[in-house]
Amino acid sequence: MSVLASAIKQEIPAFQADDDTCPQCKSERYLNRPMKLLVGPCYHKMCESCVSQRFDAGPAPCPVCERILRKAEFYQQIFEDLTVENEVRIRKRIAMTFNKRQEDFKQLKDYNDYLEMVEDITLRLLYDDDTDEAEYMIERYRRENTAIIERNQSKLRRDETIQRLAFDQEQQRKQQQREEHLRQLADEEREKTDIKNSLITALATSNMDAKDIVKAKMVQLKKSSLSTRSMTRNARFKAEAILADEYDSNELDEDEANNAPFDPSESPYEPVDIKLLDKYDDPKNTAFRQGGLAAAGVTREMHQRYLIEGALAGLFVNPLDENVLASPEAQ
Amino acid sequence: MASKAILGEEINKETESLYKKEKKLGEGTYAVVYLGHHIKTNRKVAIKKIKLGNMRSGLDMSAIREVKALRELRHPNVIELIDVFSHKTSLNLVLEFLDTDLEIVIKDKSLVFMPADIKSWMMMALRGLDHCHKCWLLHRDLKPNNFLIAANGQLKLADFGLAREFGDVKRAMTSQTVTRWYRAPELLLGATNYTGSIDIWAMGCIFAELSLRAPYLPGASDLEQLTTIFRARGTPSEDEWPGMMKLPMGYSFEKFPKPQFSDLFRGSSEEAVDLMNKMLTFNPTNRISAADALKHPYFANLPRPTAPEKLPRPLKSLAGGEEGEGGGDEVVSVDDDVVASKKRLFQDAFDDGLEAERQKMGEQAAKRMDFSISSPA
């Protein structure tokens, strides 16, 4: 779970300092112990009462930088250093959109390129370098990859749920173990006293030799405690195995096969990348001077590609593996 | 020389002996289609027998085009030409056997299309087309009944009787090609050189047809076709399509306003409509290419395209069986002359009962889609 999410759930206490002062109403922590200092998206601080005073009626400008802010955008500071705070928030935001995983890529190189791009956007936002373009890139990426983003978000949610479940179960298991151990101790104690009592009665009532009676009872005592211990241990192993099984079969991959990454422009042929020059000198070709070709979509570039590809066709193509194309519908 | 000829004949005979004809599936003016099988593997094949006897000028042009094109192409979404052999005076093309076609699927009103199904068909069709264009080949006759469907649901591009190479600006091409309703505006304006964008226009029309379950631009005549297009998509301005007036038949057309495209395609997603718009762009230079269309977010986003095996298909593939390999009636001599293609269109409309029915359906669709009403004047 991310730092921010756990902070929201109050698992990590917000950052507080003894000499905190609200820059707006100047109230100090020394006088106002429960004061909550909030930080807005422009990283200017304000105490909670100032925020509600200013922003309860709707969006209003920040008193320091005049940026229009909303009440919902204020949150409690987690890190002492606001630049860290800023970076964590930006990274969190980026990770919401750019959530592709390595398994979404066919090659490691593609994945690395993708990570490089994400880091580039993040740094732009961090250092306020051409933020407009970065925002545009994020938006474009979001639009182009809605499906993958949503799928990975649901995957992430599922992973988190599984983690939480596992954590809860682990806690429960430990609790049970502790209880069982205590019960065992109590049982042993009771058994001991029982045997002791029976020993005393035996000694009092039996005609046998006192030494023999004591010996027999001691053996019985040892046996019983041993057996209970080993029994419980066996039972515990079994229970653990069952629990472990449950984790595994937590319907992890109900349709993983259906969600395997696929490439719409997949082809059995390796594309041969022929780099064209920007311009070719072709004085004899007068066709393009007359006009009219462009209106039908025939461009000089296309014509040149046709000529070059025609000249080089087949030179770089490996013979196809017959199996690739062996028609699956052969009847 | 003599020994070579004998060798050739022997090879031909050997090829012929590999296949066995079973029954006649259909007959057209220029070819007969038989169902057959490969004797050793028992693989079902369709044998298209092209009659040569009544040819004035040698071998039928479309047969040459088809063999030429299919010998070049091998792709999961393009029909496979397995063998060619001659028998007496006839030429026989051994093609893979496919049971039904997209037109039958579209017309079967008992089938319900999910958006994912349409996506799957479009993806397969564009993959096949992209492969043709990468090989510098234009199909020039894309329409639903030239997309055949295999038993496993794979969509395959078929009937390459009009296919030809493109890219060379020095050789003129005919503008009288492609079945009228799927003909791109630059062809209607008489362009004598064009590119893969004419196939993309046809794909756009098919995309729209899959969504509407009725032809999108059913013009009654060649001239009316352009008016139908302009009425549906708005007359392009000089900015939108520079050089339009320079085309042989370009003149000032009646100005129709642009109707709201997405109104007609309420059931389609935003991305589907966006891709359709890009495929039906007037300016061929700006029209999306097959490769770029496959990179469009429409294909990457949910819902995922249906697996081919799970696509809807008609219960009876009898009609498909009869039309098997694009139907014999498809094989008509169309050279780069106007008369033949006129004849062909005439035949398409009257020879074939299906076609006539389709025409009727198209008229109904046209009535339903009165674009002028919904658009603000």
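What is the order of A:Y306, B:Y298, B:Y251, B:Y19, fewest Cβ neighbours within 10 Å to most? Each step should come with its number before you reach the end.
Values: A:Y306 18, B:Y298 25, B:Y251 8, B:Y19 21.
So the ranking, lowest neighbour count to highest, is B:Y251, A:Y306, B:Y19, B:Y298.
What is the order of A:E48, A:E80, B:E186, B:E271, fewest Cβ neighbours within 10 Å to most? Please report the intermediate quantities before stating the final value.
Details: A:E48 15, A:E80 10, B:E186 28, B:E271 19.
Placing the least packed residue first, the sequence is A:E80, A:E48, B:E271, B:E186.
For chymotrypsin sites (Phe, Trp or Tyr not before Pro), the sites in region A:7-68 that DSSP calls loop and that have at most 14 other Cβ atoms within 10 Å are A:Y30.
Given B:K48/B:K119; A:K155/B:K143; B:K24/B:K107; B:K40/B:K68, which pairs have Cα atoms separated by over 29 Å?
Details: B:K48/B:K119 31 Å; A:K155/B:K143 41 Å; B:K24/B:K107 24 Å; B:K40/B:K68 27 Å.
Over 29 Å Cα-Cα: B:K48/B:K119; A:K155/B:K143.
Can you tell me the relative contact order of region B:16-97? Whole percent, Cα pairs under 8 Å, sequence separation 6 or more.
Numbers: 140 pairs, mean separation 22.0, N = 82.
After rounding, I find 27 percent.
Of the residues B:M279, A:M208, the one with the fewest other Cβ atoms within 10 Å heads the list, and the complete ranking is A:M208, B:M279. The shape of region B:262-302 comes out oblate: with a ≥ b ≥ c from the C-alpha gyration tensor, a/c is at least 1.5 while a/b does not beat b/c.
Using Cα centres only, tell me the gap between region B:251-289 and region A:293-315 in whole Å. Each part's Cα centre sits 27 Å from the other's.
Taking every residue in B:158-169 and counting other chain Cβ atoms within 10 Å of its Cβ, the average works out to 3. In loop segments of region B:174-274 as defined by DSSP, the trypsin sites (Lys or Arg not before Pro) with at most 11 further C-beta atoms inside 10 Å of their C-beta are B:K255, B:R266.
Simple spin-label estimate for A:L185 and B:L302 gives 5.2 nm between the two label positions (7 Å along the Cα-to-Cβ direction from each Cα). So, in Å, what gap is there between the alpha-carbon centers of region A:114-131 and region B:216-248? Spelled out, the Cα-based centre of one part sits 46 Å from the other.
Here region A:181-202 and region A:18-73 have alpha carbon centers that stand 66 Å from each other.
Other protein chain C-beta atoms within 10 Å of residue C-beta, averaged over B:174-186: 1. For B:V273, what is the net charge nearby, where nearby means another residue's Cβ is under 15 Å from its Cβ and Lys, Arg count +1, Asp, Glu -1? Summing Lys/Arg as +1 and Asp/Glu as -1 gives +1. If a/c stays under 1.5 just call it rounded; otherwise compare a/b with b/c (prolate if a/b is bigger, oblate if not). Do that for region B:16-97, with a ≥ b ≥ c from the square roots of the Cα gyration tensor eigenvalues. Because a/c hits 1.5 or more and a/b fails to exceed b/c, region B:16-97 counts as oblate.
R0 = 56 Å: FRET efficiency of B:F253 with B:E22, Cβ-based, nearest 0.05? With R0 = 56 Å, the Cβ-Cβ based efficiency is 0.60. Note on A:Y114/B:K68: beta-carbon distance plugged into 1/(1 + (r/R0)^6) with R0 of 35 Å gives a FRET efficiency of 0.25.
Only the coordinates and a few stated rules stand behind these numbers; no lab work does. In this text the structure is predicted, and so the values were computed from the model without any measurement. Please note: Cβ atoms are built from the backbone with ideal geometry, for glycine as well, and neighbour counts cover all protein chains shown.
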